[in-house]
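Report on the structure given below.
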Amino acid sequence: MFNYDINTADKPSLYEDLYTACEAITAGEEDAIANMANVAALLWQYIPDLNWAGFYRMKNDALILGPFQGKAACIHIPLDKGVCGKAASTGEIQCINNVHDFEGHIACDADSVSELVAPISDNDSNIIAVIDLDSPTANRFDEQDVEGISRIANLLSDRISI
Ligand code: SME
């Protein structure tokens, strides 16, 4: 059993404590699936107002569903489709206030309104996965979420090698 002391009072504290927890739970573990599964569980448990939290992995030049929490989701995402495809193809974090205004959005869960998708690169700067957070609330994610999730994405670069 893992016990983490996560201060959810404000976003800087939340993301600082989440980073520490993600660091600790993946330290010394080489299995990518185990690490993604535990990080998805931590993000889901502690980040408020989400309807989906998890990973898509790069495989054969497309994204494929990885460990997650939430409703069953689309399995394959081409790189020219959706918020996840854009993050993976550009290498840039995507913070979308309302996915209904995003051309090519893939509606896996009709409840999703805003999304934050952060690419994860390996040490050679190849994109290997993305972290995808979905919320039923418009404008749910801001700069503090972007910064906090980017740090966790960077942490995972050599902890989810497949
Ligand atoms: N909506 C995403 C697809 C993944 S699901 O939300 C879990 C997108 O447009 O990339």
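The values are calculated or read from the model by the stated rules, or taken from the named source; none is laboratory data. A quick note: this is a predicted structure, and the numbers were derived from the prediction, not measured. We place every Cβ from the backbone using ideal geometry, glycine too, and count neighbours over all the protein chains shown.
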Next on the checklist: What are the pairs with Cβ atoms under 6 angstrom where one residue, in region 13-34, is farther than 15 Å from residue 54 by Cα and the other, located anywhere, is among the hydroxyl-bearing types (Ser, Thr, Tyr) and in a loop (DSSP other than H, G, I, E, B)? Sequence gap at least six, or different chains.
Outcome noted: 14/8; 21/4
Checklist entry - Among the residues of region 98-130, how many are within 11 Å of the ligand (Cβ to nearest atom) and touching a residue at least 60 places away in the same chain (Cβ under 8 Å)? => result 3
Next on the checklist: Being loosely packed, with under 14 Cβ neighbours inside 10 Å and in a helix (DSSP H, G or I) is the filter here; which residues of region 24-47 pass it?
Outcome noted: 24, 33
Checklist outcome for this item: Within region 56-72, the count of residues that are touching an Asp or Glu at 6+ places or on another chain (Cβ under 7 Å) and within 15 Å of residue 117 (Cα to Cα) comes to 1
Checklist entry - Within region 41-53, can one find any residue that is touching a residue at least 12 places away in the same chain (Cβ under 8 Å), within 8 Å of the ligand (Cβ to nearest atom) and of a type in the set (A, V, I, L, M, F, W, C)? => result yes
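Considering only residues of region 79-95 that are free of Cβ contacts under 8 Å to residues at least 40 places away in the same chain and within 10 Å of the ligand (Cβ to nearest atom), which is nearest to residue 160 (Cα to Cα)?
Only one residue tops the list, namely 85.
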Checklist entry - surrounded by fewer than 19 Cβ atoms within 10 Å (Cβ to Cβ), modelled with pLDDT of 95 or more and over 15 Å from residue 136 (Cα atoms) - does that describe any residue in region 48-55? => result no
